[in-house]
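Everything on this sheet refers to the single structure shown next.
Quick note: the coordinates plus some simple rules give every number you see, no bench work behind them. These numbers were taken from a predicted model, which means no experiment stands behind them. Counting neighbours? That spans all protein chains shown, and the Cβs are built from the backbone with ideal geometry, glycine included.
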Amino acid sequence: MSGQGKAEGEQSSLPQKKEPASIDKSASPSGAQSPPLTIIVSQATHSDIPDICALYKKVWDEHKGKIPAEFEKTWQPSPLEFTSQMEGVTFFAARKDKKLIGILGCAMADGSARLVHIAVEPEHRKLGVGGALVASGIEWAKKSNASSIWTEPLTRFTHAIQLFKKLGFQEAGIFHRHLWKEDVQILEIVF
């Protein structure tokens, strides 16, 4: 898959493959030692689409009835709908034991990078998966010569906002009633 909509296997001027990053989390929340959690982050491919769609469904099912139905629908695309969403977006996938457990999209527009469509399986949250995905997006943006990187989570998703701030994003504003009458927090890093 290409970040700029080229056919699979074609070369692009943007970075095409990130060296897999791994995370090792050995201590459980109770303080007891658990087996190491090794997470690999690499660029997603078209063969990942069914797993990506299943991940989005699983993640957003927990919000069913709590957010506008239109928002839920856009976050639960069919494989065909997701294929069209991939145009101009580079996706990074986090895997544990070859199973897709997280996804993040990166898009360039007017010299700035935007993080989109981040999702992490509920049972793998707070283990560094989201941070590893965002770090991959930041690295991709820098290699793509972006002047900044930004994202806009719903203000109700305070855990996501805290993660972005922890990773160096600064508040840049709020769009009120921007997505289906929901407020979004604008967060950015200027390079």
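Some points to look at:
- Using θ = phi - 60° and Karplus 6.51 cos²θ - 1.76 cosθ + 1.60, couplings along the range 155-168 (whole Hz; Gly, Pro as x): 4, 5, 8, 4, 5, 5, 4, 4, 4, 4, 5, 4, 8, x
- Positive minus negative residues near PHE164 (Lys, Arg vs Asp, Glu; Cβ under 15 Å): +3
- Virtual spin-label span in nm between ILE186 and LEU167, 7 Å along Cα→Cβ: 2.0 nm
- Close amide H partners of ILE39, meaning residues 5 or more places away or on another chain with modelled amide H under 5 Å apart, are ILE23.
- Gyration tensor verdict on the range 143-183 (Cα atoms; rounded if a/c is under 1.5, prolate if a/b is larger than b/c, oblate otherwise): oblate
- Computed 3J(HN,Hα) for the range 40-56, one whole-Hz value per residue from the Karplus formula 6.51 cos²θ - 1.76 cosθ + 1.60 where θ = phi - 60°, is 10, 10, 8, 5, 6, 10, 4, 5, 7, 3, x, 5, 5, 4, 5, 5, 4, glycine and proline marked x.
- Inter-site label distance for LYS143 and PHE175 at 7 Å from Cα along Cβ, in nm: 2.8 nm
- Residues whose amide H comes within less than 5 Å of that of PHE91, counting only those at least five positions distant or on another chain, are ALA44, CYS106 (H built at 1.01 Å from N in the peptide plane).
- Virtual spin-label span in nm between LYS66 and THR83, 7 Å along Cα→Cβ: 3.3 nm
- The range 70-191: Lys pairs at Cα distance under 21 angstrom, eight or more positions apart or on different chains: 8
- Gyration tensor verdict on the range 101-191 (Cα atoms; rounded if a/c is under 1.5, prolate if a/b is larger than b/c, oblate otherwise): oblate
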